[in-house]
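A short write-up of the structure that comes next.
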Amino acid sequence: MSKHTETTGQYPVIPLRTEVQLPGHVGPLEIGREASVRAIEAATRDDNLIVIIPQKNPAVRDPGQRDLHEVGVRAEIVQVVKHSPGRFTCVMRFLERVHIDALVATEPFLVASVSKLPVTTAATPEQLTATTTKVRDFLLAVVTDAQSRASASSSESKEGSNPPKGDLTRAQVQAITDSDKLVDSAAPYLELERDDLTSLLIETDTMKRLERIIPSLERQATVLRLKADIGAELEGESSRTHRERVLRDRMRQIQEELGEQDDNAEIDDLRKKIEDSKMSDEVRAVAKKQLSRMSQMASSSPEYNIARTYVENLLEIPWNQFTEDRLDVSAARVILESEHSGLEKVKKRILEFLAVRKLAPQKHGPILLLVGPPGVGKTSLGKSIASSLGRKYVRISLGGVRDEAEVRGHRRTYIGALPGRIVAGLKKAGSMNPVFVLDEIDKLAADMRGDPAAAMLEVLDPEQNKDFVDHYVEVPVDLSKVMFICTANQTDTISQPLLDRMEMVELSGYTAVEKLAIAKNHLVPKQLGEHGITLEQIDLQEEALVEIIHSYTREAGVRNLEREIAAVCRGAAVKVAEGIPSVTIDKKTLEDLLGPQRYVSDNAERKPEVGVITGLAWTPVGGDIMFIETRVFPGKGEVRLTGQMG
Ligand SMILES: Nc1ncnc2c1ncn2[C@@H]1O[C@H](COP(=O)(O)OP(=O)(O)OP(=O)(O)O)[C@@H](O)[C@H]1O
Ligand SMILES: [Mg+2]
């Protein structure tokens with residue numbers, strides 16, 4: 001037994017790869033290496049005493065003297081639990097630190113001769129006492145809490161807090177007079193890293209050892225105090241949501257206290273994107289607030305997803321990003337000319353607009369409303385305007401929009417809520433100054449779900465659209481740099497206030513001559529390209545085009561004309577594929593390809609006749625003459641009207 005109290009001597013050694021043990025407690029130790037198993041077996045045959053020494057480098061398999069620290073811990077084997085042949089868990093009582101003098105054997109296991117560790121300190125006895133008292137007080141606080149948690153977690157295991165690793169009582173702490181022992185006893189409570197533990201193990205200056213543990217003790221004590229404070233708040237509070245909130249607060253406070261960053265990579269990622277984005281400080285603050293809410297929510301909860309989608313939407317809006325305008329009037333003229341024939345009035349208006357823009361860049365431009373029958377190129381003109389300005393082009397179709405939320409977005413509280421079409425358009429454009437073609441603004445319909453036209457009023461008002469508020473986005477979005485071009489077939493159904501904000505440019509229908517020019521310059525080349533036919537392979541004669549215009553289409557615009565040209569191209573494509581090198585399309589072949597004439601206009605050639613009168617019909621999509629005839633029936637001499645014109 002004398003050997004139990006006598007430090008100096010020779011003991012079997014267990015080198016520890018990753019763990020570091022300090023004396024003063026009882027704990028398990030896993031034994032796996034062959035030599036260590038032998039050492040344990042030898043010790044249990046003798047006096048159950050061994051020395052454990054941490055390795056300097058955990059990767060070394062068979063450590064020699066150089067691989068081990070000079071200080072180890074003498075320990076007594078309390079119990080050995082065998083898992084399988086060659087694998088043990090030993091319950092050890094870690095007795096005290098010892099100095100390793102030398103390894104006296106290496107086979108079949110290490111044996112070391114050890115001596116008492118010389119302990120000194122450079123500090124004065126007063127300093128030492130003061131620091132020891134401080135450490136003891138902190139440790140008492142930690143131990144008290146650990147005890148109360150241990151008793152609480154036995155009744156309520158759900159809370160998930162780590163069970164305290166140390167197992168001291170207050171009385172035991174108060175009984176420790178030796179400063180080094182105090183340090184050793186405190187260590188298990190502190191969740192120290194391996195390096196910190198190692199330096200505590202090999203440090204021989206008591207004062208330094210005390211000082212080394214003070215920061216983590218203090219931190220631990222503060223965290224526990226916070227927990228206790230919040231714990232008191234929880235007392236008697238049964239509402240689940242409240243409880244959850246308080247617990248999350250607690251988690252956050254603890255994280256802050258420990259200086260731990262939120263480890264949620266997604267939130268970090270979003271935070272970085274928010275920092276990098278060009279959003280205004282106001283928007284950034286809103287986004288960050290959502291992030292901090294997110295960091296307190298479970299990532300599987302619906303609220304978390306709502307908040308995340310919201311932040312992602314905010315990030316997708318091209319805050320403060322602008323494309324540079326190309327304010328070159330002559331270049332714009334070339335682009336407009338090359339894409340559309342005719343339309344002189346409209347082109348002139350657009351060039352004027354560009355010129356003014358160049359001279360007074362800060363002024364709000366007018367909002368153009370292109371009105372005209374179908375197929376006269378309103379929508380495609382909008383696209384040309386965008387390309388002539390060098391801006392991004394977004395078409396927003398308003399036809400059949402009945403719900404205000406389509407324009408302004410849904411409130412975020414709705415499931416599946418999204419920003420409205422205006423903000424979606426900005427996201428699509430990727431810049432804050434695109435050209436928005438608000439197509440078919442005359443087809444906006446109002447019903448009881450709110451008036452989308454009223455929302456459009458705000459969008460189109462240069463005084464208000466500087467801070468347009470989408471219900472989903474909630475923060476103001478600046479639309480003042482957007483160029484709006486609206487299109488409509490008629491103005492009757494557009495509300496007066498809306499009409500008032502726009503400058504109307506009328507596109508009337510095309511004459512046959514204009515249609516011919518459009519067909520030659522634009523539609524034919526476009527359709528040939530689309531059908532993969534070259535100019536050598538087809539000879540589309542002018543008389544055929546004229547015939548299509550007169551006898552196969554009847555419209556103000558050129559949409560059907562384009563369609564018929566496409567049909568001709570298809571027919572020609574078949575012939576080319578069959579091996580005919582060049583297909584000629586004249587008036588005659590047209591009938592083979594398109595079928596018999598659809599509109600016969602020989603009426604106009606008729607001579608005036610008794611009982612027939614010529615009427616004129618006009619609609620926005622074109623006009624025609626009609627013949628109204630009288631017929632005589634046997635009767636009572638009455639006149640019966642079968643219809644009415646005008
Ligand atoms: N002056 C023109 N020059 C060249 N192509 C034209 C011209 N006018 C119309 N087009 C062509 O006619 C087709 C139909 O035009 P678009 O779709 O822009 O008509 P729209 O006026 O918007 O009609 P809707 O009112 O039905 O929407 C497009 O392919 C367009 O390129
Ligand atoms: Mg259109």
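The values are calculated or read from the model by the stated rules, or taken from the named source; none is laboratory data. Model, not experiment: these values are computed from the prediction. All Cβ positions, glycine included, derive from the backbone under ideal geometry; neighbour counts span all protein chains shown. Note: accessible area is taken over every heavy atom of the protein model, side chains too, but ligands, DNA and RNA are not part of it. Shrake-Rupley method; radii C 1.70, N 1.55, O 1.52, S 1.80 Å.
Suppose every Lys and Arg Cβ carries +1 and every Asp and Glu Cβ carries -1, with no other charges. What dipole size does the chain come out with about its Cα centre, to the nearest 20 debye?
On the way: 85 positive and 98 negative charges, 93 e Å.
Computed charge dipole of the chain: roughly 440 debye.
State the extension gain, in nm to one decimal, for the chain segment bounded by Leu616 and Ile415, taking 0.36 nm per residue of separation less the distance between their alpha-carbons.
Numbers: separation 201, 0.36 × 201 = 72.36 nm, distance 5.57 nm.
Between Leu616 and Ile415, full extension yields an extra 66.8 nm.
Could you work out the helix-only [θ] at 222 nm for the chain, with each DSSP H run of four or more residues adding -39,500 (n - 2.57) and the total divided by the number of residues, to the nearest 500 deg cm²/dmol?
Values: 23 runs with 275 residues, N = 646.
Rounded to the nearest 500, the figure is -13000 deg cm²/dmol.
Roughly what would the spin-label model give for Arg631 and Gln79, points 7 Å off Cα along C-beta, in nm?
Reported label-point gap for Arg631 and Gln79 is 11.6 nm.
So how do 243-249, 199-205 stack up, highest first, on mean other-Cβ count within 10 Å?
Values: 243-249: 13.7, 199-205: 18.0.
Ranking the peptides 243-249, 199-205 by packing returns 199-205, 243-249.
Taking amide hydrogens as modeled 1.01 Å from N in the peptide plane, which residues meet the under 5 Å criterion relative to Met504, leaving out close sequence neighbours?
Those lying under 5 Å, H to H, from Met504 are Leu369.
Roughly how many debye, to the nearest 20, is the charge dipole of segment 329-506 about its Cα centre, given +1 on each Lys and Arg Cβ, -1 on each Asp and Glu Cβ, and no other charges? Before the final figure, lay out each step's value.
Numbers: 25 positive and 23 negative charges, 157 e Å.
With Lys and Arg at +1 and Asp and Glu at -1, about 760 debye.
Are any of the pairs Lys481/Lys515; Lys82/Lys116; Lys272/Lys363; Lys56/Lys82 more than 30 Å apart by Cα-Cα distance, and if so, which? Before the final figure, lay out each step's value.
Values: Lys481/Lys515 36 Å; Lys82/Lys116 32 Å; Lys272/Lys363 36 Å; Lys56/Lys82 28 Å.
Check vs 30 Å cut-off fails for Lys481/Lys515; Lys82/Lys116; Lys272/Lys363.
Taking loop as defined by DSSP and a crowding limit of 13 other beta carbons within 10 Å, which GluC sites (Glu not before Pro) in segment 490-543 fit? Display every interim value, and only then the final one.
On the way: sites: Glu503, Glu506, Glu514, Glu530, Glu536, Glu542, Glu543; in loops: Glu536.
In loop regions of segment 490-543 (DSSP not H, G, I, E or B), the sparsely surrounded GluC sites (Glu not before Pro) are Glu536.
Using each residue's phi in segment 501-513, evaluate 6.51 cos²θ - 1.76 cosθ + 1.60 at θ = phi - 60° and report the 3J(HN,Hα) Karplus result to the nearest Hz, with x for Gly and Pro.
7, 10, 9, 7, 10, 8, 10, 7, x, 8, 7, 4, 5
Counting Lys +1, Arg +1, Asp -1, Glu -1, what net charge surrounds Leu438 among other residues with beta carbon under 12 Å of its beta carbon?
Values: positive: Lys378, Arg395, Arg421, Lys443, Arg501; negative: Asp439, Glu440, Asp442.
That sum, taken over residues with Cβ under 12 Å, equals +2.
Evaluate the charge dipole of segment 261-316 about its Cα centre and quote only its size in Debye, nearest 20, assuming +1 on the Cβ of each Lys and Arg and -1 on the Cβ of each Asp and Glu.
Details: 9 positive and 12 negative charges, 33 e Å.
Result for segment 261-316 is approximately 160 debye, rounded to the nearest 20.
Name all residues of segment 557-590 having a backbone nitrogen under 14 Å from the label point set 7 Å from the Cα of His550 along its Cα→Cβ direction, giving them as ranges.
Label zone hits: 587-588.
Could you calculate the FRET efficiency of Leu49 with Glu211 from 1/(1 + (r/R0)^6), where r is the beta carbon distance between them and R0 is 41 Å, rounded to 0.05? Show your work: numbers first, answer last.
Details: r = 32 Å, r/R0 = 0.78.
The value I calculate is 0.80.
Could you please state how large a percent of the accessible area of segment 512-594 is carbon and sulfur, counting protein chains only and using a 1.4 Å probe? Before the final figure, lay out each step's value.
Values: 2120 of 4230 Å².
In segment 512-594, the share of accessible area belonging to carbon and sulfur is 50 percent.
FRET efficiency for Arg225 and Asp281, Cβ-Cβ distance as r, R0 = 45 Å, nearest 0.05? Walk me through the intermediate numbers first.
On the way: r = 36 Å, r/R0 = 0.80.
Efficiency for this residue pair is about 0.80.
List the residues, sorted by chain then number, that are 5 or more residues from Phe88 or on another chain and whose placed amide H is less than 5 Å from its amide H.
So Phe88 has HN proximity to Ile31, His83.
May I ask you to list the aspartates and glutamates whose Cα is less than 16 Å away from that of Lys347, ignoring any residue fewer than eight positions away on the same chain?
Partners within reach: Asp328, Glu337, Glu339, Glu503, Glu506, Glu514.
Picking from Leu499, Thr106, Val394, whose Cα lies most toward the positive end of the charge dipole for the chain (charges on Cβ: Lys, Arg +1; Asp, Glu -1)?
After comparing all options, I get Leu499.
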